[in-house]
Amino acid sequence: MTEKTSGSTGVGGITAAPNKQTIQDVVIRFAGNSQDGIQSIGGLLARLAGRTEKDVMTYMTIPATISGGPSIFQVRLGTGDVLSAGDEVDILVAFYQHSYKDNIQTLRKGGILLYDSDNVQPDPNDKTYRTVGVPITSRTVEAIGGTAKDKGKNMFVLGLVARTFDLDMPKLEAMLQAGYGRKGEDVIRNILGAFHGGYAYDIGKLMETFEFRPQADRAGKKKVVTDGNQAIAYGAIAAGVRFGAAYPITPWTSVMEILRAELPKYGGMFVQAEDEIAAVAMACGASYAGHTALTGTSGPGLSLKSEAIGWAVMAEIPLVVVDVQRGGPATGLPTNVEQSDLNIARSGSHGDAPRIVIAPGSVEDCFYTTVEAVKLAREYSCPVILLSDQALATRVEAWDMPDLKKHVTDISPTFEPRGPNFKPYENTPDGIPHHAAPGTPMVDGKYPIVTGLEHDEYGHPASRPSNHAMMVAKRRRKLQMLSLKLPPPEMYGPPEGNVLLLGWGSSRGPICEAVDRARANGEEVSAIHLRYLLPLQAGIQEIMQSFNHILVVELNDRGVYGYGQLGGIMRAMYCDPRIRGINKTDGLPFKVREILDQLHQRLPAVNTAGMD
Amino acid sequence: MTTISTPTIELKAYTKKELVGDQPTWCPGCGDFSILATYFKLLEKRQIPREKIISIAGIGCSSRFPYFVNAYGVHFVHGRAAAFATGVSLTRPDLHVCVFSGDGDAYSIGGNHLTHAARKNIKMTLVVMDNQVYGLTKKQTSPTSPIGFKSKTDLTGSVDHPINPMKQLIAAGATFIARSHSHMPNHVADVMDQAIGHDGFSVVEVLSECTEFFPGAFDGANPRKGGAFTLVPKEHDVTDEAGAYKLAMADFPGYFGVFLKVNRPTKNALEAGLINDAKSKIGTAVPLEMLQKSFDRFA
């Protein structure tokens with residue numbers, strides 16, 4: 001539990017005396033078995049967060065390290081910007097002995113173990129945390145009416161949590177009605193019975209209760225609750241994408257599942273292709289035919305798609321490729337997070353194959369970067385690779401309802417006659433081609449060819465040395481034009497100081513929180529977040545000049561020469577020996593503490609502000 | 001995506017001459033010339049508006065085809081033309097989609113896409129110019145090269161069992177399958193015309209001699225060289241899959257003509273059906289309203 005306003009971290013939480021405390025946020029981990037339906041508690045809490053006037057922000061993670069029988073999820077509830085999943089658990093809810101044993105190490109010192117006293121016997125000698133036993137199983141059975149079935153424990157616990165944190169009861173009830181009403185009267189009666197049983201349990205006798213500090217500027221804003229993959233799928237629809245093709249691969253798959261179900265309503269379709277290569281080929285075909293298409297995958301699939309992406313670079317066809325990164329190489333860690341596809345995204349085709357690479361920094365950003373990816377692909381007529389990752393894909397966040405009017409776009413093709421002397425690859429100053437979709441009449445009766453061979457301005461094969469040099473430069477120039485138009489990188493913290501943390505993608509939250517903690521501790525630390533990885537935004541060098549140390553924070557290896565993938569690019573770009581890296585490769589998102597620990601290890605002197 | 005209307009400016013009929021694109025790069029005597037000439041002839045006959053014609057190819061000698069046709073054309077990567085054409089065909093029902101390929105492109109590197117375009121019955125015509133050798137790269141063994149064929153990758157003769165394209169296409173579920181020989185242009189024209197008219201995934205496997213690297217490969221099927229050009233027996237039922245398979249099992253030179261022609265809904269039609277079903281449920285809602293509804297559910 002953190003008290004952001006006081007600036008201290010991890011200390012403003014639970015004290016021994018039962019009473020009601022006002023808090024900023026709390027991290028709760030629920031641990032049970034998969035049949036206990038505890039994921040649905042998470043979904044409900046997340047959705048409640050989106051609806052309640054108390055504006056509780058939610059950050060739900062399903063830690064990937066556990067699969068099969070045991071099931072857990074972790075939720076961080078709080079007011080204000082909840083930036084990360086939280087380093088340590090404040091309250092562990094354990095349904096079984098193994099749930100307790102397997103997860104107790106995540107509970108912070110002084111945290112609360114809330115356990116089912118019917119099934120769990122905590123170690124009486126461990127005094128590093130407090131224990132609160134509630135007979136969850138028997139009370140649930142009792143609440144439902146003595147059926148001797150303990151189904152509904154999840155709802156009992158939801159009631160307990162609602163009581164403990166003074167959550168909005170009418171809204172929770174309405175959500176339960178809406179969510180389970182269709183399953184029949186008996187079901188909803190049992191659910192509400194268990195839920196009310198939990199709420200009625202006098203938890204206040206055993207421990208203190210809490211309420212969240214209201215956040216004035218958040219009040220009244222309508223929120224939506226989605227995971228990152230949902231945000232990508234609906235972002236694509238908003239942007240006007242009506243055709244896509246992909247092959248199922250974790251953790252990308254849910255995007256294609258959504259699009260397969262949704263696109264027909266919009267007059268479109270999403271095709272499950274026979275393989276990754278076919279998927280990108282189909283997307284290239286639809287894009288060429290006038291319907292800018294999307295394909296998506298995770299690391300292994302991006303490797304397979306690389307050749308066709310290079311074709312789209314050469315033929316200058318708009319294409320959106322979503323890569324929901326996981327641990328690599330090879331099959332790697334399918335259900336873990338890593339930011340190690342940056343290099344292949346930037347340069348993963350043979351030849352000089354410039355393309356645009358952008359990365360969302362949050363679930364909300366998944367929506368906006370997807371909209372932007374489609375726009376950029378069309379504007380610059382080239383592939384755009386969107387680098388999401390497993391952490392964003394599975395994380396549930398509440399975010400401001402987007403103003404859809406601003407984003408819903410019709411990108412269907414037009415067919416006004418072209419020519420005479422139509423040149424699809426005219427060597428213009430901005431280098432941007434203007435393709436004619438098939439179906440477009442050519443007034444001079446000469447029709448263009450689109451090809452992966454090096455070609456002249458008309459699209460016909462041309463291997464003349466001067467022509468290749470001209471066309472390579474043309475394709476590169478498009479990105480140079482784009483880099484001039486990009487906004488400067490997002491700055492977190494003052495624009496000058498001692499240490500600059502530089503990050504990209506899903507690490508944005510933990511990095512920003514690390515800045516908050518460091519600053520609260522008197523350290524002059526700021527951060528910039530790079531949304532565009534190719535081309536890079538202008539102004540990075542100027543920002544770096546105002547700091548003594550630059551640390552590139554990314555979830556990938558430090559590499560043979562000591563720098564991560566973005567770190568290496570930064571070094572090559574700016575030839576600045578102050579650039580170093582904070583990297584890790586355990587397949588889990590950054591904890592705030594891990595960033596700060598590495599920062600302090602590498603720069604012992606920064607504990608004293610300004611001293612170098 | 002289901003209804004696309006484009007303007008047309010060609011009000012008078014066009015002739016073959018107007019379809020002529022770049023000068024073909026094929027060697028003199030190459031069988032592929034005959035297929036190009038046939039294609040021109042069929043387009044002229046059918047008067048498909050030129051802006052609606054799209055030729056798609058992968059890589060290989062045969063796959064240079066789109067350059068030689070003055071209509072829309074795409075030269076994609078090796079082996080994936082059928083997949084590319086799937087994206088075109090599904091989004092643009094108004095276009096006439098033809099894929100030109102060779103034995104290496106279609107049966108080796110692109111084998112997977114052939115299988116799946118066939119089973120999904122994507123509306124397109126695929127013409128495979130099979131010369132049983134890699135010609136563009138100057139004589140390596142191809143997936144259809146006969147055992148014992150001496151190439152630069154099999155100096156003492158190929159040891160690998162060749163693919164039987166007809167058997168493979170039948171098994172994959174192609175709904176129109178024909179076999180022809182480039183030395184018999186009238187026959188090529190006949191089966192290609194039927195293929196183009198077929199509503200579904202239609203394939204014409206054409207034996208097309210590489211005079212440079214595998215000369216005489218198909219003499220056994222050329223009456224002018226003393227071979228036997230045996231037509232599919234008149235009594236063969238083109239909807240009989242097992243019968244088609246029997247024809248496909250015949251030793252070289254085998255049979256020529258239409259092996260299989262069945263009607264099965266195309267993916268194009270099935271997807272259009274899904275769109276119509278979805279649209280009938282939502283009525284007149286525009287995209288903004290539908291999307292807002294989804295987001296309201298997330299709220």
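Things worth noting here:
- Checked against the criterion of being farther than 26 Å from B:Ile53 by Cα, in a helix (DSSP H, G or I), touching a helix residue (DSSP H, G or I) at 6+ places or on another chain (Cβ under 9 Å) and not hydrophobic (A, V, I, L, M, F, W, C), the candidates A:Lys405, A:Lys375 yield just one match: A:Lys405.
- Residues of segment A:522-553 classified as over 29 Å from A:Ala377 (Cβ atoms) and assigned to a loop (DSSP other than H, G, I, E, B), total: 4
- Count of segment A:432-473 residues, restricted to those that are within 11 Å of another protein chain (Cβ to nearest Cβ) and polar (S, T, N, Q), is 2.
- Qualifying residue in segment A:90-104 (condition: assigned by TED's automatic domain parsing to the domain that holds A:Ala162, under 18 Å from A:Lys591 (Cα atoms) and polar (S, T, N, Q)): yes
- B:Leu260 meets the stated requirement of being within 18 Å of B:His198 (Cα to Cα), away from chain A (no Cβ under 14 Å) and surrounded by 14 or more Cβ atoms within 10 Å (Cβ to Cβ).
- Pairs where the first residue, in segment B:107-122, is within 10 Å of chain A (Cβ to nearest Cβ) and within 20 Å of B:Thr91 (Cα to Cα) and the second is of a type outside the set (Lys, Arg) and surrounded by fewer than 23 Cβ atoms within 10 Å (Cβ to Cβ), C-beta under 6 Å, 6+ apart: B:His116/A:Glu274; B:Arg119/B:Ala172; B:Arg119/B:Gly173
- Flag for A:Pro264 being touching a Ser or Thr at 6+ places or on another chain (Cβ under 9 Å) and in a helix (DSSP H, G or I): no
- Test for A:Asn336: is it of a type outside the set (Lys, Arg), closer than 23 Å to A:Leu376 by Cα and surrounded by fewer than 24 Cβ atoms within 10 Å (Cβ to Cβ): no
- Which listed residue is surrounded by 22 or more Cβ atoms within 10 Å (Cβ to Cβ), in contact with an Asp or Glu (Cβ under 7 Å, 6 or more places away or on another chain) and closer than 21 Å to A:Gly42 by Cβ, from A:Ile136, A:Ile191: A:Ile136
- One residue stands out in segment A:441-483 among those that are among the polar types (S, T, N, Q) and in contact (Cβ under 8 Å) with a residue 24 or more places away in the chain: the one that is surrounded by the fewest Cβ atoms within 10 Å (Cβ to Cβ), namely A:Gln480.
- Among the criteria (1) touching a helix residue (DSSP H, G or I) at 6+ places or on another chain (Cβ under 7 Å); (2) aliphatic (A, V, I, L, M); (3) within 11 Å of chain A (Cβ to nearest Cβ), the one B:Leu42 does not fulfil is (3).
- Considered as a group, the residues in segment B:47-80 that are part of a helix (DSSP H, G or I) and more than 8 Å from chain A (Cβ to nearest Cβ) include one that is surrounded by the fewest Cβ atoms within 10 Å (Cβ to Cβ), and that residue is B:Arg64.
Listed here are the residues, each with its yes/no results for (1) farther than 26 Å from A:Ala393 by Cα; (2) of a type outside the set (Ser, Thr, Tyr); (3) not in a helix (DSSP H, G or I).
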residue: A:Leu158; (1), (2), (3): no, yes, no
residue: A:Glu173; (1), (2), (3): yes, yes, no
residue: A:Ala178; (1), (2), (3): no, yes, no
residue: A:Lys221; (1), (2), (3): no, yes, yes
residue: A:Ile232; (1), (2), (3): no, yes, no
residue: A:Gly244; (1), (2), (3): no, yes, yes
residue: A:Leu259; (1), (2), (3): no, yes, no
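- Extreme residue, farthest from A:Gly235 (Cα to Cα), among residues of segment B:281-299 that are part of a helix (DSSP H, G or I) and modelled with pLDDT under 95: B:Lys281
- Checked against (1) within 29 Å of B:Ala118 (Cβ to Cβ); (2) within 14 Å of chain A (Cβ to nearest Cβ), B:Gly243 passes all but condition (2).
- Boolean, B:Ala269 is within 16 Å of B:His198 (Cβ to Cβ), at pLDDT 95 or above, within 14 Å of another protein chain (Cβ to nearest Cβ) and more than 19 Å from the chain's Cα centre (by Cα): yes
- Residue within segment A:480-495 that is more than 14 Å from chain B (Cβ to nearest Cβ), farther than 18 Å from A:Ser287 by Cβ, among the acidic types (Asp, Glu) and not in a loop (DSSP other than H, G, I, E, B) present: yes
- Taking the criterion of being facing chain B (nearest Cβ under 10 Å) and surrounded by 24 or more Cβ atoms within 10 Å (Cβ to Cβ), the residues of segment A:239-253 that qualify are A:Arg242, A:Phe243, A:Gly244, A:Ala245.
- Residue check: A:Phe422 meets all listed conditions (1) closer than 20 Å to A:Gly539 by Cβ; (2) buried (at least 19 other Cβ atoms within 10 Å of the Cβ); (3) among the hydrophobic types (A, V, I, L, M, F, W, C) but one, namely (1).
- Criterion: at pLDDT 95 or above and within 13 Å of chain B (Cβ to nearest Cβ) - qualifying residue of A:Met269, A:Met256: A:Met269
- From B:Phe218, B:Phe229, B:Phe214, residue being touching an Asp or Glu at 6+ places or on another chain (Cβ under 6 Å) and modelled with pLDDT of 95 or more: B:Phe218
- So B:Ala83, is it within 30 Å of A:Gly267 (Cα to Cα) and touching a Phe, Trp or Tyr at 6+ places or on another chain (Cβ under 8 Å): no
- The set of residues from segment A:384-406 being facing chain B (nearest Cβ under 9 Å), surrounded by fewer than 21 Cβ atoms within 10 Å (Cβ to Cβ) and either touching a residue at least 24 places away in the same chain (Cβ under 8 Å) or in contact with a Gly (Cβ under 8 Å, 6 or more places away or on another chain) (or both) comprises A:Met401, A:Leu404.
The values are calculated or read from the model by the stated rules, or taken from the named source; none is laboratory data. Note that the structure is a prediction, hence the values are computed from the model and not measured. Cβ atoms come from the backbone with ideal geometry, glycine included; neighbour counts cover every protein chain shown.
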